[in-house]
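Just below is one structure, and these are the notes that go with it.
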Amino acid sequence: MKKIIISILIIALIALTGCQTSENTINVEGSSEITVDPDQAEAWVGVSIVDVSADLAQQQVNTAINDIINSLKAAGISEDDISTEQLSIYEERRWESGKSTVVGWRATQTLKIKTTELTKVGQIVDIAVDNGANQINSINFGLSEEKEQEYKKQAIAQATTNAKEKAETIADSLGAKLGKIRSVSESGFYYRPYAYAMEKTIGDEAVAEAAQVLPGDVTVTARINIVYNIG
């Protein structure tokens, strides 16, 4: 009886071992980088005021911000394309003769204004400055959500082709045959807008500089990981 049981166990072990066949694989990463024209611009403009009290400083900032928004809307900028990016108020101090002296309260508010009319950037900055903006932080040229998705598909398709070509080259060099795909994963998608850092951030000089800013190219990149079986 013991011999029969031992024989059955041996047969089962052999059968199980035969089912566990290992497969060779190739793991490759494909990448792509495409350069495209931007279709959207964003300008960051702000108002920053110091006064003797927090309330007075904030009131002046609110007045200027409302004037900027109303003037932008009158110029055809949609309210949906105007948003508050920063809002702060704090006690401002200055070091004098080794002592910290209270200067007053500083209130600051920054607006982000978007437009798909890239030639309007200078006009947007002009309107903001004329209505009380005293900070022009930066101007970005990027992609609308629709264009970002369109170029994402292109970049991923190119990265996938790149990965397949790498896998085929590796398999050929090994004298192997490329088999079925075991897994696919997107390991990264990124697009870098063209950011213009203003040299002049205050007054007429900022307006003149913004009027001369030209859109720069936008870089879109993608990476794909693919694991293939090989025979």
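Could you check segment 99-145 and list, in sequence order, the residues that are under 20 Å from residue 212 (Cα atoms), of a type in the set (A, V, I, L, M) and free of Cβ contacts under 8 Å to residues at least 60 places away in the same chain?
First, the residues of segment 99-145 that are under 20 Å from residue 212 (Cα atoms): 112-130, 133-142.
Cutting the leftovers down to of a type in the set (A, V, I, L, M) gives us 113, 118, 121, 124-125, 127-129, 133, 136, 139.
Hit for segment 99-145 is 127, nothing else.
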With the condition kept exactly as written, say whether any residue in segment 191-209 is assigned to a helix (DSSP H, G or I), in contact with a Gly (Cβ under 8 Å, 6 or more places away or on another chain) and farther than 30 Å from residue 38 by Cα. no
Matching entry among 165, 186 (being assigned to a strand (DSSP E or B) and loosely packed, with under 14 Cβ neighbours inside 10 Å): 186
Listed residues 116, 160, 108; which is of a type in the set (Val, Ile, Thr) and surrounded by fewer than 17 Cβ atoms within 10 Å (Cβ to Cβ)? 116
Just checking, does segment 59-68 include any residue being within 23 Å of the chain's Cα centre (by Cα) and either surrounded by 17 or more Cβ atoms within 10 Å (Cβ to Cβ) or modelled with pLDDT under 95 (or both)? no
Which one is surrounded by the fewest Cβ atoms within 10 Å (Cβ to Cβ) among residues in segment 45-55 that are in contact (Cβ under 8 Å) with a residue 24 or more places away in the chain and not polar (S, T, N, Q)? 52
Sort through 83, 88, 100 and tell me the only one that's within 24 Å of residue 194 (Cβ to Cβ) and of a type in the set (Ser, Thr, Tyr). 83
Where a residue in segment 57-69 is farther than 11 Å from residue 109 by Cβ and its partner, wherever it lies, is small (Gly, Ala, Ser) and modelled with pLDDT of 95 or more, with Cβ under 9 Å and at least six apart: 59/107
Quick one: which of 136, 113, 124 is under 19 Å from the mean Cα position of the chain (by Cα) and not assigned by TED's automatic domain parsing to the domain that holds residue 218? 113
Which is at pLDDT 90 or above and in contact with a strand residue (DSSP E or B) (Cβ under 7 Å, 6 or more places away or on another chain), of 169, 160? 160
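The values are calculated or read from the model by the stated rules, or taken from the named source; none is laboratory data. The structure displayed is predicted, hence computed values, not measured ones. We place every Cβ from the backbone using ideal geometry, glycine too, and count neighbours over all the protein chains shown.
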